[in-house]
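Below you'll find the structure, written out as structure tokens, and then a few comments.
The values are calculated or read from the model by the stated rules, or taken from the named source; none is laboratory data. Note that this is a predicted model, so its numbers are computed, not measured. For neighbour counting, all protein chains shown are included, and Cβ atoms are generated from backbone atoms with ideal geometry for every residue, glycine included.
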């Protein structure tokens, strides 16, 4: 499945038990030359408290807490509204025509909720890397820093992204967003995704960036966020939950021998 070109291998264990997912298997499945190929491996499992559990493994094998694009894809697969358990907390999914709306929960701004290595103002962080400075940090189920620039396309995020991702300031690493204003309710965004690299789309990145722009008074909700893969619409009011709407699609179905990837 994919959301705006951010693609996933979805393993459905809601009714049938699956072998245990490991970083080694996730990396092997995600490899585009020797595996199936994807940005993230999504594992669906039973949940005691919610409709089911969604686990997310990046292409480097690391397990992460949230993925907005995958949430829309899973909503489409499930086919009806549901509350789903994730590592970042429960989220509410609702399939729509050709896509889904996801309640991503409330953003968090405290330095230790991001988390950062030490206390600082997360609304205007007193840090910088080359020409990128004074970002906002926000946790939307996973950690993000957001830089507002004149031209998002001009930023060498392929070079700066991995440096910022692995900076000791971020003990759990971080997703890196560079955004420019395209209109009163419109942002242009590029994302370096933690554990996956430069991506065509990042749903949590769009959420984090829209929230940061609203907090800084740059745009009003709802916000259209244009990524290389297409557009998402993010609605948020301070104190409330983030609502993300956008497309998702199934690419194909298949089967494989688990032993080939262990």
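So here's what we get for this one:
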quantity: Some residue of region 20-28 being assigned to a loop (DSSP other than H, G, I, E, B), out of contact with any helix residue (DSSP H, G or I) (no Cβ under 6 Å at 6 or more places or on another chain), assigned by TED's automatic domain parsing to the domain that holds residue 91 and under 22 Å from residue 98 (Cβ atoms); calculated: no
quantity: Subset of region 140-165 (residues that are touching a residue at least 40 places away in the same chain (Cβ under 8 Å) and either under 12 Å from residue 176 (Cα atoms) or assigned to a strand (DSSP E or B) (or both)); calculated: 142, 143, 144, 146, 148, 157, 158
quantity: Residue in region 49-67 that is within 15 Å of the chain's Cα centre (by Cα), free of Cβ contacts under 8 Å to residues at least 40 places away in the same chain and over 25 Å from residue 171 (Cα atoms) present; calculated: no
quantity: Selection status of residue 190, under 17 Å from the mean Cα position of the chain (by Cα) and either on the phi > 0 side of the Ramachandran plot or touching a residue at least 60 places away in the same chain (Cβ under 8 Å) (or both); calculated: no
quantity: Answer from 201, 179, 212 - the residue that is assigned to a helix (DSSP H, G or I) and either touching a strand residue (DSSP E or B) at 6+ places or on another chain (Cβ under 6 Å) or surrounded by fewer than 24 Cβ atoms within 10 Å (Cβ to Cβ) (or both); calculated: 212
